[in-house]
Amino acid sequence: MADVGRTPLVVDCDTGVDDAMALFYALLAPEVELVAIGTTWGNSYVETTTINTLRLLEIVGRPEVPVAMGASKPLLGPLPDLAHGVHGEDGQGNTFLPPPSLRPSGESAAAQLVRLAHARPHELVLVPIAPLTNVATALALDPEIARLYREVVLMGGAYLTHGNRSRFAESNIWQDPEAAQVVLEAGWPLTLVGLDVTTKVLLDQPMLDRLRDSGSPAGRHLHRVTDFYLTNYERRWGRRACALHDPLALAIAVDRSLALRAPRVRVDVELRGTHTRGMTVADFRPWASPEEANAQVVLEADGPRFLERWMRVLQQPAPARG
């Protein structure tokens, strides 16, 4: 059973820099019960994202959280270009830290998703912040999980704004668009947190310095691994600040009041366009049929309240767990 007052999350991630920002929040926030983590390819190879995830658990003293390694490539075709230019060759800003002593559980991430859905029906919130290969694979193994998860809140898509991996496509969707379409068609309660809101919530160098100066293990780690990450953003935006993509999505999964405007609409993924493959196509027409809607799309979020909370949580030491 879920702990009273805590939201039970299952996170699926490709642990790069902003995944680490989200996972630290899930591991440290008292209102979160982090039930399990699945890893996948995306920002780096799945072996690397798994190592990074296990290292984060060690940094904040949470070795009990199971980590299941998942997909190593998309559903169709070869492995596309990874995000090493953004997150570093090691997914943690080219810091090349020592390997963790923890090991993954041995269960596949997709099998873990299926098992947990049946073990705790209608309790768990699934939070994918990576390419959706693991989630689509779990649905292929057992489509029933779509009625067993309480809801799904994922980071992905660009709806009324431009993409970040191509002119029109957001990275998580672009990397495995077929998997994303499977997830959209599954029929579960689904909320999409995309670039429309995540690019408006920025973490800058002074904030990172405050995290370091707090002395918290999470703050020190993030300060170290974000130098490469912010340099990449500085080339794009002209300032040393980065968007909190994954942390915002995870925070909305925990506190839905952070989503100030989230219309329910029909969303599909463009799978064939020469220039638009991976684009999320949402039907915002006022006369569109509500019966065809399959997701809520967050178009406005309370960024200042989220950022204040995120900073406060990450400046604290790991909470004692009973």
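Residues that are free of Cβ contacts under 8 Å to residues at least 12 places away in the same chain and among the acidic types (Asp, Glu) were ranked within region 269-322; the one that is nearest to Arg165 (Cα to Cα) is Glu308.
Given the structure, is Leu34 at pLDDT 95 or above and closer than 17 Å to Leu113 by Cα? For Leu34, the condition - at pLDDT 95 or above and closer than 17 Å to Leu113 by Cα - is met. Of the residues in region 35-43, at least one is touching a strand residue (DSSP E or B) at 6+ places or on another chain (Cβ under 9 Å), β-branched (Val, Ile, Thr), surrounded by fewer than 24 Cβ atoms within 10 Å (Cβ to Cβ) and not in a loop (DSSP other than H, G, I, E, B). Of all the criteria given as (1) out of contact with any Leu (no Cβ under 8 Å at 6 or more places or on another chain); (2) in a helix (DSSP H, G or I); (3) surrounded by fewer than 20 Cβ atoms within 10 Å (Cβ to Cβ); (4) not acidic (Asp, Glu), the one not satisfied by Pro247 is (3). Among the residues of region 62-98, those identified as closer than 21 Å to Asn164 by Cα and of a type in the set (Asp, Glu) are Asp81, Glu89, Asp90.
Of the strands (runs of 3 or more DSSP E) lying entirely inside region 261-300, the ones with 1 or more residues being more than 20 Å from the chain's Cα centre (by Cα) are found at 264-269, 280-283.
For Leu28, the test of being touching a residue at least 24 places away in the same chain (Cβ under 8 Å), within 17 Å of Gly106 (Cβ to Cβ) and surrounded by fewer than 24 Cβ atoms within 10 Å (Cβ to Cβ) is failed. In summary, Ala2 fulfils each of the numbered conditions (1) more than 22 Å from Ala249 (Cα to Cα); (2) among the small types (Gly, Ala, Ser); (3) more than 19 Å from the chain's Cα centre (by Cα); (4) at pLDDT below 95 with the single exception of condition (1). Considering Ala140, Ala71, Ala117, the condition of being aliphatic (A, V, I, L, M), surrounded by 17 or more Cβ atoms within 10 Å (Cβ to Cβ) and not in a loop (DSSP other than H, G, I, E, B) is satisfied by Ala117 alone.
Among the residues of region 150-173 satisfying the criterion of being buried (at least 24 other Cβ atoms within 10 Å of the Cβ) and in a loop (DSSP other than H, G, I, E, B), which is nearest to the chain's Cα centre (by Cα)? Per the stated criteria, the residue is Gly156.
Matching residues to (1) free of Cβ contacts under 8 Å to residues at least 40 places away in the same chain; (2) more than 19 Å from the chain's Cα centre (by Cα); (3) in a helix (DSSP H, G or I):
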{"site": "Leu222", "(1), (2), (3)": "no, no, yes"}
{"site": "Arg235", "(1), (2), (3)": "yes, yes, yes"}
{"site": "Arg239", "(1), (2), (3)": "yes, yes, no"}
{"site": "Ala251", "(1), (2), (3)": "no, no, yes"}
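The values are calculated or read from the model by the stated rules, or taken from the named source; none is laboratory data. This is a predicted model, so every value here is computed, not measured. Virtual Cβ from ideal backbone geometry, glycine too; neighbours counted across all protein chains shown.
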